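The values are calculated or read from the model by the stated rules, or taken from the named source; none is laboratory data. Note that the coordinates shown come from a computational prediction; the quantities given were computed from them, not determined experimentally. Glycine also receives a Cβ, built like all others from the backbone with ideal geometry; neighbour counts cover every protein chain displayed.
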Amino acid sequence: MSETLWIEKYRPKTLDEMIDQEEVVARLKDFVKEKSLPHLLFAGPPGTGKTTAALCLARELYGEHWRDNILELNASDERGIDVIRRRIKDYARTMPVGEVPFKLIILDEADNMTSDAQQALRRTMELYSRSTRFCLIANYVSKIIEPIQSRCAIFRFQPIPREAVLERLKFIAESENVKITEDGLDAIWEESQGDLRKAINILQAASALDEVVTEDVVYKVLGKITPSEVREMVNLALQGDFLKAREKLRVLLYSYGLSGLDVLKSIYREVMSPKVLSQMPNHMQAELIELIGETNFRIVEGGDDEIQLCALLAKIALKAKGG
Amino acid sequence: MSIPWVEKYRPARIQDVAGNDEAKKAFVAWLNKWLAGKPGKKAALLYGPPGTGKTSLVHAAARQYDLELLEANASDVRNSAALERRIWRALTESSLFGKRAKIILLDEVDGINPREDAGGLAMILKFIENTRYPLVLTANDPWDPKLRTLRDKCLLIRFKPLGIRIITSVLASICKKEGIFCDYQVLRAIAEKCKGDLRAAINDLQAIAFGKKRITLEDLDMLGYRAKQADMFEIVRMVLAARSPEHARSVLSLPSLDYEMLMQWLSENIPHQYAPSLQAIADAYDALSLADIFLQRAKRTNEWSLLSYALNLMTVGVASARDKPKFRFVKYSFPQKIRLLSQTKKYREIRKRIASAIARKCHVSTRTVIRDILPFLFVIYEADAKLAEEIVKSFDISPKTFRAIIKQ
């Protein structure tokens, strides 16, 4: 059998196979039974089964024709609301295949759309509501504008509980003939918490590294996937060496290709780690959180990643040196 | 060696002066009459655009006729009584060096400002009246009304911009003497860019040939860059080394200021100019970051009245940083961001292609793939390259393509 990513290979195909999220699954099954559907809004943290639920729902609604009846869009990858609207328009024009009278449009990462774009989306939803249903997927409900929220049935996905994650990991390990120790499982849980996608990715990488997945092997993987430049950059800034910190930033932005927001998130994680926090006076912690939050705001406003993050690093350096 | 080539290769003989044959002929005839003791007009005014050989012709003639050359810039004459006396003596006394005669060159007479110094022109007229030796004046623009009286007293000799073919052949002969291999195309491009100014062409050639034995068309691109860059260096200095925040604003009056480029240049160079003051660096960056936000808002909302805030923040705002260190000369650099982006362009394109192939099949965004999936694939590749290649094949990505984005 050919190799692929386990997150794809072990993605549930039916609602029954879904891991956890029982309440959500039960209601989705009712929709399938009645072959009717409101607009849906799936909200919850990454790796909790939102996209999988949407795909399972489509499979069970449409049976063998499921691929013909869904349009999958990712708001982060489409170039602007106009492209999204055009694709929706082109798609909604054709009739659904089979006995279900509507087609399903899955719009992933919908909370990455600006509120203007969401307003435009709302009108599009109304325009085509006879022949289509929307399933919007987002990390945060609050980042979806009220008028869209009120038109959707909202499903909240919870982080997957520990037992369910470990059970799934053991099942995959067994199917792949991979030995994993209890401390190995614990280490994966520690890092991934309720994010099953991350947990499975760690397991697959760890199993490539060693025959037995132990705690050590897991940490080895984690050490490799987090660019060491993040920690180095934060430390350099805290030492007041802005120029060297900027060099690290550029490695993250241009050779790792990380987005400004992703770099900002890892700066935040690093600054908030107990090790870093314990070294700074209390008042500075709040100031740093404010600085990072402000930078987040400015990047979302459309600022240039490098200029905004440089400004942050310069301010961190100044604060750390008592300015 | 770093002697300017325009000096190193200044023509030694009159026939070596490139182009402008008519002017050369007229000049030689005038000089011959002088040396035969029967000058027509006592002074010659050589005029024409820069770099067309006016000064070179005088130098070559002096050497060829074995004349003692006394050279001064006309606008200096009025400033220094000593210089004036020196010229006066030279015009009226015999050569000190036993040469048979002298030639006096007064460069750039159109540089004299008659309002600031009414005496300057009068003095030159007095020189012409009294000179015992050939007196040569040069000017770029002889039709300036203030030079009218002067024009009447001089033989006018016109120098035209040099043709591309002539410039190209001079450049080629310099390359040959310097042992540099250079395409005809490249030389021609340099010549075209210089619009008849041979001095500029030779300077450009020396600049791009620096440290090279071979010049290609790519090097020439750099030349264009260099010209633009030079301007930016100045603009950045005007902001970062402004005497007061208000002075920094003056860059805004420059025609066609590329303010987005200016932001990148400022971002690159703020830490260089303002180190070691973290306060100044942080303040300047904060102003720049706000300028960036206002600029993006203006673009996004088409509300261009916001542009003014962006422009003032990136100039006045940056320059009003607190605790700036005393100005010292620092060498500014070209924005690394732009360099890095162009260096990694191909790499990023391949990565994007791979990421979107995986994104489609894994139902996630390419950003998620780059952040949450590719790092794991790299770990797998490190441990077991074959396995990783098998995995990417399932996404219709060839192992070769994948290997192109593996970090060294």
**Asked** Taking segment A:4-20 as the search range and keeping residues that are assigned to a helix (DSSP H, G or I) and either of a type in the set (Asp, Glu) or within 13 Å of chain B (Cβ to nearest Cβ) (or both), which one is farthest from residue B:388 (Cα to Cα)?
**Response** A:16
**Filter result for residue B:405 (at pLDDT 90 or above, in contact with a helix residue (DSSP H, G or I) (Cβ under 9 Å, 6 or more places away or on another chain) and either within 12 Å of chain A (Cβ to nearest Cβ) or under 24 Å from residue A:252 (Cβ atoms) (or both))** = no
**Prompt:** Do we have residue A:265 as free of Cβ contacts under 8 Å to residues at least 12 places away in the same chain and over 30 Å from residue B:353 (Cα atoms) here?
**Reply:** no
**Residue identified as within 13 Å of chain B (Cβ to nearest Cβ), more than 20 Å from the chain's Cα centre (by Cα) and within 28 Å of residue B:345 (Cα to Cα) among A:213, A:263, A:251** = A:251
**Item:** Odd one out for residue A:323 among (1) facing chain B (nearest Cβ under 10 Å); (2) at pLDDT below 95; (3) assigned to a helix (DSSP H, G or I)
**Value:** (3)
**Request:** Filter segment B:130-145 down to residues that are without any contact (Cβ under 8 Å) to a residue 60 or more places away in the chain and of a type outside the set (A, V, I, L, M, F, W, C) and give me whichever is nearest to residue B:91 (Cα to Cα).
**Result:** B:132
**Request:** Please identify the pairs in which a residue from segment B:267-283 that is touching a residue at least 12 places away in the same chain (Cβ under 8 Å) and more than 7 Å from chain A (Cβ to nearest Cβ) has its Cβ atom under 7 Å from the Cβ atom of a residue that is surrounded by fewer than 21 Cβ atoms within 10 Å (Cβ to Cβ) and assigned to a helix (DSSP H, G or I), counting only partners at least 6 apart or on another chain.
**Result:** B:268/B:336
**Asked** Can you find a residue in segment A:160-180 that is crowded, with 20+ Cβ neighbours inside 10 Å, charged (D, E, K, R) and outside the structural domain of residue A:121 (by TED's automatic domain parsing)?
**Response** no
**Message:** I'd like to check which helices (runs of 4 or more DSSP H) are fully inside segment A:205-279 and have at least 3 residues that are modelled with pLDDT of 90 or more.
**Reply:** A:215-225, A:228-238, A:242-250, A:260-271
**Prompt:** In segment B:25-53, what count of residues is obtained for those that are at pLDDT 90 or above, assigned to a helix (DSSP H, G or I) and not hydrophobic (A, V, I, L, M, F, W, C)?
**Reply:** 1
**Request:** Could you run through segment B:276-329 and say how many residues are farther than 18 Å from residue B:250 by Cβ and loosely packed, with under 15 Cβ neighbours inside 10 Å?
**Result:** 13
**Prompt:** Filter segment B:338-371 for residues that are assigned to a loop (DSSP other than H, G, I, E, B) and at pLDDT 90 or above; which is farthest from the other protein chains (Cβ to nearest Cβ)?
**Reply:** B:364
**Request:** Output the number of residues of segment A:207-234 satisfying the condition of being surrounded by fewer than 17 Cβ atoms within 10 Å (Cβ to Cβ) and polar (S, T, N, Q).
**Result:** 2
**Asked** In segment A:218-236, is there at least one residue being at positive phi and either within 9 Å of chain B (Cβ to nearest Cβ) or of a type outside the set (Gly, Ala, Ser) (or both)?
**Response** no
**Whichever residue in segment A:109-137 is within 23 Å of residue A:36 (Cβ to Cβ) and in contact with a strand residue (DSSP E or B) (Cβ under 6 Å, 6 or more places away or on another chain) and, among such residues, is farthest from the other protein chains (Cβ to nearest Cβ)** = A:125
**Message:** Against the condition farther than 25 Å from residue B:374 by Cβ, away from chain B (no Cβ under 12 Å) and buried (at least 16 other Cβ atoms within 10 Å of the Cβ), how does residue A:276 come out, does it pass?
**Reply:** yes
**Selection count where residues are outside any helix (DSSP H, G or I), of a type outside the set (Val, Ile, Thr) and more than 14 Å from chain B (Cβ to nearest Cβ), scope segment A:172-192** = 1
**Item:** Candidate set from segment B:372-408 (those that are assigned to a helix (DSSP H, G or I) and among the hydroxyl-bearing types (Ser, Thr, Tyr)); member that is nearest to residue A:46 (Cα to Cα)
**Value:** B:381
**Asked** Within segment A:300-313, restricting attention to residues that are more than 16 Å from residue B:338 (Cβ to Cβ) and surrounded by fewer than 23 Cβ atoms within 10 Å (Cβ to Cβ), which residue is farthest from the other protein chains (Cβ to nearest Cβ)?
**Response** A:300
**Prompt:** Residue check, residue A:36 against (1) surrounded by 18 or more Cβ atoms within 10 Å (Cβ to Cβ); (2) without any contact (Cβ under 8 Å) to a residue 60 or more places away in the chain, all met but one. Which one?
**Reply:** (1)
**Request:** Answer yes or no: is there a residue in segment B:320-335 that is in a helix (DSSP H, G or I) and either without any contact (Cβ under 8 Å) to a residue 40 or more places away in the chain or assigned by TED's automatic domain parsing to the domain that holds residue B:236 (or both).
**Result:** no
